[in-house]
Amino acid sequence: MTEPVSRVNRLLLHFSQTVANSRRLFHPFNPEDTAMAAPARKQLPPAYEPATVEGAVYDMWGRGDYFKPRIDPEQEPYCIIMPPPNVTGELHLGHGLEDAITDALVRWHRMQGEPVLWVPGEDHAGIATQNVIERELEKEGLTRQDLGRDVFVERTWMWVRKYRSRIADQHKKLGASADWSRDVFTLDDHIVRAVRKTFVDLYNEGLIYRGLRMINWCPRCETALSDLEVDYEEQDTKLWFVRYPMVGEGGMPLPDYVLVATTRPETMVADTGVAVNPEDERYEDKIGRMLLLPIIGREIPVVADDAVKPEFGTGAVKVTPGHDPNDWEIGQRHDLPVIVAMDRQARMNDEAGPYAGMTDLEARAAILRDLEDEGFLDHEEPYRHSVGVCSRCKTVLQPIPSEQWWLDVNKPHSGGVSLSKAAADAVLQGRITIVPQRFEKDYLRWMDNIRDWCISRQLWWGHQIPVWYCENRHTVVQTTDPASCPECGGSLRQEEDVLDTWFSSGLAPHADLGWPDDTEDLRYFYPTSDMQMGYDIMFFWCARMVLLGLYNMRDRGPENSVPFRTVLFHGLIRDAEGQKMTKSRGNVVDPLEVASKYGADAFRLAVLTGAGMGADQKYSDERLAAARNFANKLWNTARFVLMKVGEGRVRRPHHADQQSFAIEDRWILARLEQVTADVDSMLRAYQLAEAARTVEDFLWGEVCDWYIEFAKVRLNEGDERPKQVLVHVLDHGLRLLHPFMPFVTEELWQALKDHIDDDMAAALIVAWFPKSGANWADAGAIAGMEHVIEVNRAIRNLRTEKKLPAGERPAVYLRAADYAGALEETGAATNFTSRVSVSVLSANAELPPGDYAFQRVADTEVAVALPQVDASAERARLGKELAEAEAHAGRLEAQLANETFRSKAPANVIAGMENTLSETKSRIAGLRERIATL
RNA sequence: GGGCGAUUAGCUCAGUUGGUUAGAGCGCCUCGCUUACACCGAGGAGGUCGGGGGUUCGAGCCCCUCAUCGCCCACCA
């Protein structure tokens, strides 16, 4: 319980060290050892070309071995396991988003000096991959049965080898700083051992068992599925009403009958009863009597069961325990026989008598025809309901009783609780944090209602279940392959079924780190820190990792057996119309195509900021272009700075000299610190998108738009101070941005770092992340510069409005009070950037004769000299402005006159409002005066 | 049937403890002297924050309700 706190403390402690100290603490990489930085570029090209930069930068990181953590017992590590993409094909945009999120977190933590491990992996994806290979075979006119299991599996491995490397390559192109030396495939030998041990332990606990139950059967994939792998599709069909005649003495049909409603007449052949509600008076006298199953001629009983709703249909339901989950239950309660009338492929079998060999739909048509002919079909009604389909191939599923392997998630195990209870508690008690929090509800509700998990699959591709049967019906369950039956010495045959893919991926956090072996990685990195995935696999994966992780790692105790401390759920990337991207729709976008067009950094920034956490986003070229433009802007900012710095090295500004810096220097340095603090708190709160936007807005909207423009004048005069500031602000800006845009920032930082007279890391990826020390706080400079900026905006606004030619440099008089100093100090910059000739006057000074356009900014009056003025137009303009100002003042006065407001609102809000009111009032006075003189 | 989310400028989206006149990008209109950047710069137009009600001195934000869209879970003879 003290873990998270101590981690924070440790960080705070580190950051309170001096810069030089903290660098030594943070970075194990000795700059001299790793001086293999990218080849120094003589000059940066005028536009950022991602293609020429990304590969070289990624290689440089690889050569520096920066993706591998150094295990240091003194430090709290940061670890994140990659959700292993299926080896079925290439990565899609969603994987790109995951890389953007994970890599941002990983780089941020790495830059704080923590030992950071990102474990990459790929999933064998049992049913999905088998389907892909089967489709491949189909093109050659083959089936997997033609090949046989061994050849089929070997062929699948060939596919896996090809796609694993391709997938890794894609991650690398996107900049993923994962430790590739630890890459895990879910069928690797050590994962096989982990899977087998988990299975055997749970079997020995009695939690894994083999049982005959109703399951979801896919007739195309020919396997059982778990409840989660069932999709439901609305279907328009009919409700058919069929007469089941009563049977009299001696088996003779009577004229009386029971009318039943069914959507699946084809299952009639397997009916073994008819059920009614015990309270239903209509059928009171029929309960216990026998009916004659039409066409088939079998006698079946009428039973009373609470599960029957009297209001539905006729209130009487045919009971088909072999083909319906509810009927299975009813059948069990009333001891009705179970008839299964379909085979593995959903064709009618011999139990279906004359309909044997037909598909279910053929049989339905034939049976309806026969019922009609023989007068049993009463009528039909249109009916809409949903049918379960295979989430992989969309084939309609058949509920069928079948022997399968199950994991009992609700039965208490030797640890005293059930798997599901433990998994729910971990979240309820805050040992696992879900972000965004609203997903907690989904998770908990699912855990509360979870039923036993069908873990066996009738597939060839996957973890074969570690169970062996001998000829004398002995069963052997163990982690290693037995040579012969331990009980009778007989020869053994391994269970042919494989495990649900999610059984193995559910072990990822501990198995990827080496479990069941007691490895250094497992000891050091487990529990992992953050986990990240799309909300669509919350139950499939997140829930299973918690169920299985808590169990396998239970020796660690409640606090440290969790697979991860925090799990982030992100949304899906849809196409521009908001449709889900699927191969069948043909709207899938390849992240590498996007990255090659706009750059990997642009891709990452665009998808990261595309939507709030957990919300879906629409793919948009415009957003990509905007992100690319920002990368280019950054590039040119650096080009400018480097050009001004020239060959030499520049000292960082030192805050002891703060007062020797100009107001704009102090402003941008103070702002940098605020941004640094904001970014820090946002990242701690997993507000990645907000953090990235904050840095972007700062660099573009403040550094580029104002600081650089203002600095140009002094730079041209040979003032050295702006160089110090530029270099420092750019350096920190690149650091802050690096988690989000790693390539361009690294490339620029490599070009910049040798120009800073300071102890710089070998690479940005391992440079320390800025931490706000509040050394440059300067409220006066911030207020002053904000005012100066507003004044410049006013000047430009008037210029444009009065249509002054761009080449003209009109005189501007600023009648100022509080901000006179700031305006005076920045006068030359204002002249340059707003192309005017400024004079700062006292508030009540006379203006030289002539015409002016006026605007009021707080207590400063801006007067732009005009060649001549159209009095009526000017009066109208000022009148409008006056009306707005008066309305504003009116609102403020009303608010401030309100006694309850004055007594309840915080002082700073009242003070701020009063200040605005007095400024607005003086603005009104100025406007009235102007109008009067016109 | 139960639950969750969304609804803010023409489009895509920010807006986390309720606080002075609600933001960005793209698009649109006008202009562009100036070698960091036209993947740019300057200025501008454009929003009763889905409707209604409530709480509060004060609501885009909290509560109730309705509407539309989307999703999840359960059941569907």
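The values are calculated or read from the model by the stated rules, or taken from the named source; none is laboratory data. Small disclaimer: the values here were computed from a predicted structure and weren't measured. Backbone-built Cβ (ideal geometry, glycine too); neighbour counts: all protein chains shown. Quick note on the areas: whole protein, heavy atoms, side chains included, nothing else; ligands and nucleic acids left out. Shrake-Rupley method; radii C 1.70, N 1.55, O 1.52, S 1.80 Å.
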Exercise for the section: Using DSSP, restrict attention to beta bridges with both residues in chain A and report what percent are antiparallel, rounded to the nearest 5. Expected result: 70
Practice task
Provide the solvent-accessible area of A:Asp231, counting protein heavy atoms only and rolling a 1.4 Å probe, rounded to the nearest 10 Å².
Solution key: 50
Exercise for the section: Set the Förster radius R0 to 41 Å, insert the Cβ-Cβ distance between A:Glu520 and A:Arg684 as r into 1/(1 + (r/R0)^6), and round the FRET efficiency to 0.05. Expected result: 0.90
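Pairs A:Lys172/A:Lys644; A:Lys441/A:Lys580; A:Lys68/A:Lys162; A:Lys68/A:Lys580; A:Lys644/A:Lys771: which are spaced more than 30 Å apart, C-alpha to C-alpha?
Cα-Cα > 30 Å for A:Lys172/A:Lys644; A:Lys68/A:Lys580; rest within.
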Fill in the blank from the handout: Inter-part gap, Cα centre of segment A:296-338 to Cα centre of segment A:612-631, in whole angstrom, is 55
Practice task
Pull out the extension gain between A:Glu709 and A:Ala873, defined as 0.36 nm times the separation in residues minus the alpha carbon to alpha carbon distance; nm, one decimal.
Solution key: 55.7 nm
Exercise for the section: Could you point to the residue in A:Leu117, A:Ala691, A:Thr223 farthest towards the positive end of chain A's charge dipole, with +1 and -1 charges on the Cβ of Lys/Arg and Asp/Glu respectively? Expected result: A:Ala691
Fill in the blank from the handout: The Kirkwood hydrodynamic radius of chain A, taken as the inverse of the mean 1/r over all distinct Cα pairs, in Å, comes to 33.4
Handout entry: Segments A:738-748, A:654-664, A:755-765 sorted - mean Cβ within 10 Å per residue, highest first
Key = A:738-748, A:755-765, A:654-664
Problem - Whole-percent carbon and sulfur share, accessible surface of chain A, 1.4 Å - result: 49
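For segment A:646-700, state the average projected area of the convex hull of the C-alpha atoms over all orientations, rounded to one decimal in nm².
The Cα convex hull of segment A:646-700, projected and averaged over all directions, gives 5.2 nm².
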Exercise for the section: Pop the C-beta distance of A:Glu233 and A:Leu147 into the FRET formula with R0 = 25 Å and round what comes out to the nearest 0.05. Expected result: 0.20
Completion exercise
Applying the gyration tensor rule to the Cα atoms of segment A:73-223 (axes a ≥ b ≥ c; rounded if a/c under 1.5, else prolate if a/b exceeds b/c, else oblate), the class is oblate
Fill in the blank from the handout: Site A:Leu212, offset 7 angstrom along Cα→Cβ, radius 18 Å on amide nitrogen, limited to segment A:312-342, gives A:320-342
Practice task
First measure r as the distance between the Cβ atoms of A:Glu914 and A:Asn844, then evaluate 1/(1 + (r/R0)^6) with R0 = 30 Å and state the FRET efficiency to the nearest 0.05.
Solution key: 0.85
Practice task
Go through A:Arg735, A:Arg289 and list them by solvent-accessible area, largest first, probe radius 1.4 Å.
Solution key: A:Arg289, A:Arg735
Practice task
Would you mind classifying segment A:234-311 by shape? Square roots of the alpha carbon gyration tensor eigenvalues, ordered a ≥ b ≥ c; an a/c under 1.5 is rounded, otherwise it is prolate if a/b is larger than b/c and oblate if not.
Solution key: oblate
Problem - A:Thr475-A:Thr395 pseudo-label distance in nm [points 7 Å out on the Cα-to-Cβ vector] - result: 2.7
Completion exercise
Averaged per residue, the 1.4 Å probe accessible area of chain A, protein heavy atoms only, in Å², is roughly 43
Exercise for the section: Mind putting a number on the dipole of chain A about its Cα centre? Charges go on the C-beta only, +1 for Lys and Arg and -1 for Asp and Glu, and I need it in Debye to the nearest 20. Expected result: 3000
Handout entry: Quotient of C-alpha Rg and 2.2 N^0.38 Å, computed over segment A:632-741
Key = 1.06
Practice task
Count charges around A:Trp502 for me, please; just the other residues with Cβ under 11 Å from its Cβ, Lys/Arg as +1, Asp/Glu as -1.
Solution key: -1
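Please state the shape class of segment A:836-882: rounded when a/c is under 1.5, otherwise prolate if a/b exceeds b/c and oblate if not, all from the C-alpha gyration tensor.
Oblate shape, in that a/c is at least 1.5 and b/c is the bigger or equal ratio.
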Practice task
Excluding residues on the same chain fewer than 8 positions from A:Lys394, give the aspartates and glutamates whose Cα lies under 15 Å from its Cα.
Solution key: A:Glu222, A:Asp227, A:Glu229, A:Asp231, A:Glu233, A:Glu234
Exercise for the section: Could you check the simple spin-label distance between A:Glu786 and A:Asp350, using points 7 Å along Cα→Cβ, in nm with one decimal? Expected result: 8.8
Exercise for the section: Mind giving me the nanometre distance, one decimal, between the label points for A:Asn716 and A:His385, set 7 Å out from Cα along Cα→Cβ? Expected result: 8.2
Problem - Summed residue charge, Cβ within 11 Å of A:Arg220's Cβ, Lys/Arg positive, Asp/Glu negative - result: +1
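Pulled fully out, how much extra length does the chain show between A:Trp157 and A:Leu934, if you take 0.36 nm times their separation in residues and subtract their Cα-Cα distance? Walk me through the intermediate numbers first.
Values: separation 777, 0.36 × 777 = 279.72 nm, distance 8.71 nm.
271.0 nm is the gain from fully extending A:Trp157 to A:Leu934.
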Problem - Added length on full extension, which subtracts the Cα-Cα distance from 0.36 nm per residue, A:Arg652 to A:Asp851 - result: 66.9 nm
